[in-house]
Amino acid sequence: MSAEQFMREALDLARANIRAGGRPFGAVLVYRGQVLARAVNEIHNTQDPTAHAEMQAIRKASHALGQARLDGAEIYASGHPCPMCLAAMHLCGIERAWFAYDNSEGEPYGLSTAAVYAQMARPPQQQSLPLRALKPSGEAGLYLEWQQANAQ
């Protein structure tokens, strides 16, 4: 299949999700030229705010392969991936991501993530969600313990 065919499939998934009462987001994850996972935004069914189409596709693909790394995979998404989804793509080794609709196209319909992007670009101390370091006194060695546990 071509890139355009994969994208059309992601868009078909998004349209089907609208008909099912969900948001207009679908994703197709391709690994070594084959579709490994198809997913839609499932927030409306799960009440899980992380159940974005791209996240669901990554979860399905990782489960199918039995590994967390998806090095070399590509994602075709109906909409521009949010910061959470982009971070997950980086963490699992997605090589390329494609999207059909830009964030600006969703703004008139209440689908913009511009405010989230703006917040995440700020230093931790200036974000609306406070993010502060807090290591209890005497706490040390957590990462060393992990390294030692995995060196065996």
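A short reminder: the numbers here are calculations on the coordinates, not readings from a lab. The model shown is predicted, which means the values in this text are computed figures rather than measured ones. Methodologically, a virtual Cβ is constructed for each residue, glycine included, from the backbone with ideal geometry; neighbour enumeration extends over all protein chains shown.
Taking every DSSP beta bridge that has both ends in the chain, the antiparallel portion is near 65%. Between the stretch 15-59 and the stretch 81-133, the C-alpha centres lie 17 angstrom from each other. Phi angles of the stretch 77-88 translate, via the Karplus equation with coefficients 6.51, -1.76, 1.60 and θ = phi - 60°, into HN-Hα couplings of 10, 5, x, 4, x, 6, x, 4, 5, 4, 4, 4 Hz per residue; Gly and Pro are given as x. Helix 3-19 and the longest principal axis of the Cα set of the chain meet at an angle near 90°. Note: relative contact order over the chain, using C-alpha pairs below 8 Å and six or more positions apart, is 17 percent. Calculated mean residue ellipticity at 222 nm for the chain: -12000 deg cm²/dmol, from DSSP H runs with n ≥ 4 weighted as -39500 (n - 2.57), summed, divided by the residue count and rounded to 500.
Mean sequence separation of contacting Cα pairs (under 8 Å, at least six apart), scaled by the length of the stretch 41-96, corresponds to a relative contact order of 34 percent. Most tightly packed first, judged by the mean number of other beta-carbon atoms within 10 Å of their residues, the peptides 10-19, 51-60 read 51-60, 10-19.
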